[in-house]
Each structure stands twice: as C-alpha cells, then as structure tokens.
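The structure under discussion appears below in the form of structure tokens.
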Amino acid sequence: MEHTMINLTLKIWRQKNADSAGQFETYPVKNISTEMSFLEMIDVLNEDLINEGKDPIAFDHDCREGICGACSMYINGRPHGPWHGNTTCQLHMRAYHDGDTIVIEPWRANSFPVIKDLMVDRSAFDRIIQAGGYVSVNTGNAVDANATPIEKDLADASFAAAACIGCGACVAACKNSSAMLFVAAKVSHLALLPQGAPERNTRVLDMVAQMDKEGFGSCTNTGACEAVCPKEISINNIARLNREYMLAGTKADK
Amino acid sequence: MALTGLFLISFLIVHAGINACIWANDGGVMFNKAAHFMGSTVVIRIMEVGLFLGIFLHIIQGYMLEFQNRSKRKKGYAVPIRNKGSKWYSRSMGLLGTILLLFFIIHWKNFWVPSRFTGVPGPEMELANGQHVHNLYALMQSTFQELWIVLVYIFACISLCWHLIHGFQSAFRTVGVSNARYLKMLKNIGIGYAIIISLAFAMMPLSMYLGWVK
C-alpha cells in the first residue's frame with residue numbers, strides 16, 4: 001500500500017477525573033504516516049502535548065497486537081473504529097484520508113465509569129469473572145494432552161468463545177449497555193467442554209447475578225455487540241447462555 | 001418478553017385465520033358464525049382472559065425493560081452508533097410496541113368493546129339454522145368506510161410487521177435456541193410469518209374499503 005502523510009483533526013473527550021464533567025477538545029495533527037497505528041498517532045499527539053507542557057491524553061493500551069483487550073476508544077461512532085473484527089491498536093491510519101475529522105470518545109456505560117479522558121474502569125468485568133469461581137481439575141502429574149477426548153466442532157466453538165479479550169466493545173456498542181456477549185463468551189467456552197463441568201450450574205448463575213449487580217442492561221438481541229466485537233464472538237453464544245441459565249436454574253439451589 | 005411474545009404470536013394466527021373468513025365473500029355468514037363461536041364458547045372466553053393477561057404482561061415487561069435499559073447509559077455518545085451492526089427495528093421495539101398499543105386502543109374500541117359489552121349496532125344476522133348472531137361483519141364494513149381508519153390500520157400492520165421480524169427470532173434466542181442452523185431457519189420463518197400475518201391483517205380493512213368483499 002502506498003505510504004502517504006496525512007493531516008487530521010481530532011476531537012477527543014477530555015475529562016480530568018471521574019468526578020469532573022469533561023468536554024471535547026480539538027487537536028490538529030500533522031504529518032501522520034498512513035502506516036502508523038491509531039495508538040501511535042495518539043502517541044505523536046501526546047508527545048506534542050508534553051512538549052507544550054500540557055496534560056497528555058490518557059488512554060488504555062498494553063500489548064498493541066490485538067490480544068489483550070486493554071485498548072478501547074469509541075471512534076467516529078463505532079467501538080474500535082471502522083474496521084471489522086479489529087481492535088483500536090490494530091487499526092491503522094490508512095483507514096483515513098487527508099483532512100478527515102475523527103471524534104474519539106470513551107466507552108459509555110454507567111458500569112464503565114470514566115477514570116480519565118479515554119480510560120474507563122472495566123473492573124466490573126473482572127468481578128464477573130471472579131464470580132464464576134474456580135474450575136475443578138485433577139492435580140498431581142500433568143494429564144496427557146489427549147486424555148479427555150473432545151469433539152473437534154465443540155473444541156472449535158469453545159475456542160471461538162474463549163477468544164473474547166474482555167475489551168468491553170460489546171457493552172459500548174449495545175443500546176442497552178448489556179454485557180451479555182462478554183458473559184456469554186465466558187460461560188460458553190467452559191460450557192462446551194468437559195472441563196469445569198462440576199461447577200457448570202453455579203458458574204452461570206453466579207456470573208449472571210454479578211452481571212446484574214454491576215448494573216449492565218438487559219439483552220434485546222439487536223446484534224450490535226457481535227458486529228463490533230474485535231474477536232467476532234457470535235451472538236449465538238448469548239442464546240447458549242440463556243439456555244445454560246434456565247437449565248441451571250432448574251437444577252441448582254441458588 | 002419471549003414467552004408472552006410467543007404466546008401472542010400464536011394468537012395472531014388464530015385471529016388472522018378467523019378474520020380471513022371475510023374473504024369467503026358470502027355476506028359475512030362464515031365470519032359471523034366464527035365470531036359467534038369465539039364469543040359464546042366458555043373455553044374461548046376463559047382463554048380470552050389469559051390472552052389479555054399475556055398482552056398486558058408483555059406491555060408492562062416491555063416498558064420496564066425499555067426504561068431500565070435506557071437508564072444504563074446516563075452519558076450518551078456525541079456520535080451515535082446507529083445502524084453499524086444492528087437494524088433500526090431491533091432497536092425500536094419500544095417505539096413499535098407503543099404504536100401497536102395505541103392502535104389496540106382504537107381497535108378494541110372499534111370491535112372488541114361493542115361485541116362484548118356495549119352491543120353491536122344494527123340488526124342481528126339470522127343464520128341458516130335459525131340462530132341469531134351479532135352482525136360483526138356489518139360493523140367491520142361500516143368502520144372501514146372511513147379512509148383514515150383504514151390508513152391507521154395499515155400503518156399499525158406495518159409496525160406489527162417490523163415488531164414481529166425482530167420479535168420472532170429474538171424470542172427463540174431468549175428461550176435458548178443456539179443452534180446456528182436453526183437460528184437462521186427461525187429468522188427466515190419469522191420474516192415470512194411477519195409479512196404474511198401483517199399483509200393478511202392489512203388486506204382486511206383494504207378489502208372492505210375498496211369493496212372487494214360485499
């Protein structure tokens with residue numbers, strides 16, 4: 001692809017801390033290589049801001065290779081920007097043209113309060129995972145890799161659900177701020193496997209209870225979550241979660 | 001929502017089926033017979049109570065869900081996500097349902113209240129066996145002479161169509177059908193069902209207004 005330099009206008013949400021009101025601020029950025037990643041472009045802007053003695057833009061990032069789930073950013077009305085099945089860190093500036101204006105907002109949901117600028121507190125997801133509890137496994141010598149036979153289709157479906165990186169784009173995109181796709185991915189990836197079967201019922205009941213406690217909305221199957229998920233987690237997992245939850249409710253005394 | 005929704009989906013088939021009797025084009029004999037059966041059979045009348053419970057539960061739950069979900073994002077986005085990944089009708093079930101609720105008020109006032117409580121105006125119809133029944137067919141004919149009522153009914157049927165296209169497949173997801181093949185099939189059945197039911201209902205006032213049935 002041709003390498004060009006572009007100039008852009010960024011409208012970025014600035015918020016000092018969780019309690020302050022926050023507002024959009026406009027920053028022109030010049031000479032941005034189309035080979036840069038979106039986060040590198042913010043890095044360039046932040047260096048300029050630091051050199052000018054201003055407060056750099058706070059944003060979450062870690063691995064920058066699309067597998068950790070740290071980066072967020074709601075870019076021009078879409079979580080993780082315009083590319084399908086992609087994280088913000090893997091979004092490249094070739095997605096934009098010279099002179100474009102890009103509006104960058106944090107995830108918006110009551111359960112994801114803004115910490116600063118584009119950073120939001122996603123610890124609600126951690127507490128949902130914790131509520132899922134433990135998985136019983138045999139200890140002692142390492143079990144042979146193929147000791148538990150698993151059908152290939154099930155293993156693949158489980159792996160596809162386990163690909164969830166917990167970034168929260170599903171919540172950010174959902175009109176109801178529902179975390180069902182996240183919880184469905186986490187429940188599905190164990191529900192499809194023999195491992196963790198002893199805790200199967202309590203796990204789904206506890207995780208859904210924690211999800212509700214965290215104040216996420218209810219799923220109405222609109223499909224916005226699936227469309228923006230960087231790991232392309234299928235919405236069909238939500239239907240599986242619903243079934244797991246109903247069946248568990250008839251079995252477990254919770 | 002899903003259970004009451006599926007219950008109401010099954011009711012619509014019965015409702016559309018009975019109303020389709022108008023197309024026998026026999027001056028309303030078959031339709032009035034069917035309407036009389038529905039109105040005079042004890043089991044059906046008991047089921048009618050269940051139907052209204054189902055409708056109101058669906059409405060109350062629907063509004064509770066809508067308002068709860070709306071409260072989960074106090075600070076919204078400057079650039080809305082709109083159609084990036086979801087359909088407008090999937091996101092507008094509350095609005096479509098409200099249109100239907102307003103329509104029901106008109107619809108019940110037009111037909112259900114007269115047939116159950118205040119009485120159907122005009123002389124009763126005498127069937128071949130000598131039985132006298134309410135002439136609900138005549139009431140339909142007179143009601144659907146007003147163009148604005150016909151247009152209101154057609155608008156409601158369009159809303160119903162979109163409501164069902166989302167509601168049908170969503171209900172099955174909610175009750176736990178996760179098989180990708182079945183879900184695809186149910187989605188298509190839902191679209192077919194929504195179009196056929198809505199078209200059938202929309203054709204009824206239209207048939208009366210345009211004089212296709214006498």
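Here are some residues: B:171, B:180. Which one is over 15 Å from the mean Cα position of the chain (by Cα), among the small types (Gly, Ala, Ser), surrounded by fewer than 18 Cβ atoms within 10 Å (Cβ to Cβ) and within 14 Å of chain A (Cβ to nearest Cβ)?
Checking each option against the conditions leaves just B:180.
Among the residues of segment B:96-138, count how many are in contact with a His (Cβ under 9 Å, 6 or more places away or on another chain), part of a helix (DSSP H, G or I) and more than 30 Å from residue B:67 (Cα to Cα).
3
Restricting to segment B:71-95, and then to whatever is more than 8 Å from chain A (Cβ to nearest Cβ) and part of a helix (DSSP H, G or I), can you tell me which residue is nearest to residue A:107 (Cα to Cα)?
Of everything passing the filter in segment B:71-95, B:88 is nearest to residue A:107 (Cα to Cα).
On the basis of being more than 14 Å from chain A (Cβ to nearest Cβ), surrounded by fewer than 17 Cβ atoms within 10 Å (Cβ to Cβ), more than 18 Å from the chain's Cα centre (by Cα) and of a type outside the set (A, V, I, L, M, F, W, C), does residue B:142 make the cut?
The answer is yes for residue B:142.
Can you name the condition, by its number, that residue B:82 falls short on among (1) surrounded by 18 or more Cβ atoms within 10 Å (Cβ to Cβ); (2) touching a Phe, Trp or Tyr at 6+ places or on another chain (Cβ under 9 Å); (3) on the phi > 0 side of the Ramachandran plot?
(1)
If I go through segment A:222-253 residue by residue, how many of them are touching a His at 6+ places or on another chain (Cβ under 9 Å) and either aromatic (Phe, Trp, Tyr) or surrounded by fewer than 24 Cβ atoms within 10 Å (Cβ to Cβ) (or both)?
Looking only at that region, the number is 2.
Restricting attention to helices (runs of 4 or more DSSP H) lying wholly within segment A:171-254, give those where 3 or more residues are facing another protein chain (nearest Cβ under 9 Å) and among the polar types (S, T, N, Q).
The qualifying helices (runs of 4 or more DSSP H) are A:236-251.
Going by the structure shown, is residue B:87 within 21 Å of the chain's Cα centre (by Cα) and open to solvent by 100 Å² or more (accessible area, probe 1.4 Å)?
When the stated conditions are applied, residue B:87 does not pass them.
Matching residues to (1) more than 30 Å from residue A:180 (Cα to Cα); (2) without any contact (Cβ under 8 Å) to a residue 40 or more places away in the chain; (3) not aromatic (Phe, Trp, Tyr):
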{"residue": "A:32", "(1), (2), (3)": "yes, no, yes"}
{"residue": "A:46", "(1), (2), (3)": "yes, yes, yes"}
{"residue": "A:82", "(1), (2), (3)": "no, yes, yes"}
{"residue": "A:85", "(1), (2), (3)": "no, no, yes"}
{"residue": "A:91", "(1), (2), (3)": "no, no, yes"}
{"residue": "A:110", "(1), (2), (3)": "no, no, yes"}
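The values are calculated or read from the model by the stated rules, or taken from the named source; none is laboratory data. The shown structure was predicted, so the numbers you read here are calculated from the model rather than taken from an experiment. Because the Cβ atoms are built from the backbone with ideal geometry, glycine has one as well, and the counts that use them run over all protein chains shown. Accessible surface is based on the protein model in full, side chains and every heavy atom, while ligands, DNA and RNA are left aside. Shrake-Rupley method; radii C 1.70, N 1.55, O 1.52, S 1.80 Å.
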